[in-house]
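Please treat every number below as a calculation from the coordinates, not as lab data. Just so it is clear, the model here is predicted, and its values are computed rather than measured. Here the Cβ is made from the backbone with ideal geometry for all residues, glycine too, and neighbour counts use every protein chain on show.
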Amino acid sequence: MEDRVPEQAAPPRRRAIYLLPNLLTTGCLFSGFYAIIAAIDGNFERAGIAVFVAMLFDGLDGRVARLTGTESAFGKEYDSLADMVAFGVAPAIVSYQWGVARIAEYGRVWGRLGWLAAFFYAVAAALRLARFNTRVGSSDKRYFEGLPSPSAAAVVSGFIWASTEWREPGLAGLVVAFSVTAFAGALMVSSFSFPSFKNFDLRQPVRFVWLVMAVVALVVVAGDPSRALLICFGSYAAWAPLAWCWRRLRRRKRAERGAD
């Protein structure tokens, strides 16, 4: 009878995290933190820029993780927490610091409405991220359900950044600012479908006109980045509600024609 060779125990699995994608996520978190500090110091231009820098890091960390095969459950959780700071808390505080102190001068009610709008945005961002995390495996990859939190942060921060030279906005301007904040929060928790552009492949050939448009867009952004980015992300945020209204209007017209 042959002697059995004892099986060697499998080496324990090392508990480690991947450095590069998590460094990029840390860059997103730091940018959101810096936006908060800059807003508290009254430097709203830097605060707005910091949020867009956070968007850049947020767009890179996931792609780098997929390209290098370094995706992990830790990275996904860390990315979600960083997004909450950079695209949930930071824009709300930037909006709060820019306008609540001013709007409170017009009455206590206006002041309360201002900070409630900022808080509503932060809550909406948390709910949006939680919904995304729970439905990530079953949702249609071509669309986002609700406005993505980075796009909502771009709308709010872009508006504040573009308004840094607006020294005396008055009550009307402050109401617009908090309306933009509340509207962005409402779109995040809405059921509107926003295109994700995840199927867009840079390696595929495109028409020459698209290249020309891309160059023109870069020139416009370089000339006046705050307003150009605000128009870009504002158009993206408004697209789904306007498309929904257009479809409803067409259905109503068809129903009226059918009734005649």
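Remarks
- Going from the fewest other Cβ atoms within 10 Å to the most, the residues Thr134, Thr181 appear in the order Thr134, Thr181.
- Hypothetical label at Arg135: residues of the stretch 46-85 whose amide nitrogen lies under 20 Å (7 Å Cα-Cβ projection): 77, 80-81, 83-84
- Taken along the Cα-to-beta-carbon direction at a fixed 7 Å, the label points for Arg63 and Glu256 span 4.6 nm.
- Sites Ala238 and Glu77 - FRET efficiency at Förster radius 41 Å, r taken between beta-carbons, to 0.05: 0.80
- Spin-label pair Tyr143/Ile231, simplified geometry with 7 Å Cα→Cβ offset, distance in nm: 2.8 nm
- Proxy reagent accessibility, fewest Cβ within 10 Å first, across Tyr34, Tyr106, Tyr121: Tyr106, Tyr34, Tyr121
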